[in-house]
1. Looking only at region 23-46, decide whether some residue is in contact with a strand residue (DSSP E or B) (Cβ under 6 Å, 6 or more places away or on another chain) and surrounded by 12 or more Cβ atoms within 10 Å (Cβ to Cβ).
2. What residue, among those in region 56-104 that are at pLDDT 90 or above, of a type in the set (A, V, I, L, M, F, W, C) and not in a strand (DSSP E or B), is nearest to the chain's Cα centre (by Cα)?
3. For region 7-54, give me each residue that is under 18 Å from residue 113 (Cβ atoms), in contact (Cβ under 8 Å) with a residue 60 or more places away in the chain and among the aliphatic types (A, V, I, L, M).
4. Return only the number of the condition from (1) assigned to a helix (DSSP H, G or I); (2) within 25 Å of residue 12 (Cβ to Cβ); (3) at pLDDT 95 or above that residue 107 does not satisfy.
5. Report yes if residue 39 is assigned to a loop (DSSP other than H, G, I, E, B) and under 22 Å from residue 15 (Cβ atoms), otherwise no.
6. Answer yes if at least one residue in region 55-67 is touching a residue at least 40 places away in the same chain (Cβ under 8 Å) and surrounded by 15 or more Cβ atoms within 10 Å (Cβ to Cβ), and no otherwise.
7. Quick check on region 117-131. Is at least one of its residues without any contact (Cβ under 8 Å) to a residue 12 or more places away in the chain, within 29 Å of residue 47 (Cβ to Cβ) and over 19 Å from the mean Cα position of the chain (by Cα)?
8. Within region 1-19, restricting attention to residues that are under 13 Å from the mean Cα position of the chain (by Cα) and within 19 Å of residue 31 (Cα to Cα), which residue is surrounded by the fewest Cβ atoms within 10 Å (Cβ to Cβ)?
Amino acid sequence: MKYLVMVQGTQADYEGMRGKPSPGSPAWSEAELAAMYAYMGAISNDLSETGELVDAQGLAEPARTRLVTAGEDGKPVITDGPYSETKELMAGYWVLECESLERVTEIAARVTRCPGPEGITDYPVVIRPILDGAGDI
């Protein structure tokens, strides 16, 4: 079965990675950033070697987000981010092909051990099964 494994973050977390701290989002050093990227890269490399990796990507900061909705007149309404009402957004993901929910849960548990600076917010890693077709709902 395929699964979407998501890591979360906020605009403040991206700012912290650029050295601009705020409560719950400390400034990252270059060494801490390098350790985080190396850790996440190693996970992707391991999953590629096992044949479980379908895709993996980090996402741009929430400030670069755009929402498109339908207006009352049917024309699109376009809004740029970030959004103060949004707490966490997806910061990156893996699409995995795993034999079981237990296996993908093991992988998510490994993701939770990613290194970072003292005081960083620990977000849950989200696992969502990917449906094969309309009959799976």
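1. yes
2. 59
3. Matches in region 7-54: 7, 35, 36, 40, 43, 47.
4. Among (1) assigned to a helix (DSSP H, G or I); (2) within 25 Å of residue 12 (Cβ to Cβ); (3) at pLDDT 95 or above, residue 107 violates only (2).
5. Details: assigned to a loop (DSSP other than H, G, I, E, B): no; under 22 Å from residue 15 (Cβ atoms): yes.
No: the conditions fail for residue 39.
6. yes
7. If we filter region 117-131 for residues that are without any contact (Cβ under 8 Å) to a residue 12 or more places away in the chain, which is where we start, we get 122, 131.
Narrowing further to those that are within 29 Å of residue 47 (Cβ to Cβ): 122, 131.
Narrowing the set further to residues that are over 19 Å from the mean Cα position of the chain (by Cα) leaves 131.
Within region 117-131, one or more residues are without any contact (Cβ under 8 Å) to a residue 12 or more places away in the chain, within 29 Å of residue 47 (Cβ to Cβ) and over 19 Å from the mean Cα position of the chain (by Cα).
8. Quick first cut of region 1-19, residues under 13 Å from the mean Cα position of the chain (by Cα) only: 4-11, 13-14.
Now restrict to residues that are within 19 Å of residue 31 (Cα to Cα): 13-14.
Working: 13: 23, 14: 20.
So, considering only residues that are under 13 Å from the mean Cα position of the chain (by Cα) and within 19 Å of residue 31 (Cα to Cα), the one surrounded by the fewest Cβ atoms within 10 Å (Cβ to Cβ) is 14.
The values are calculated or read from the model by the stated rules, or taken from the named source; none is laboratory data. The structure displayed is predicted, hence computed values, not measured ones. No Cβ is skipped: glycine too gets one built from the backbone with ideal geometry, and neighbour counts run over all protein chains shown.
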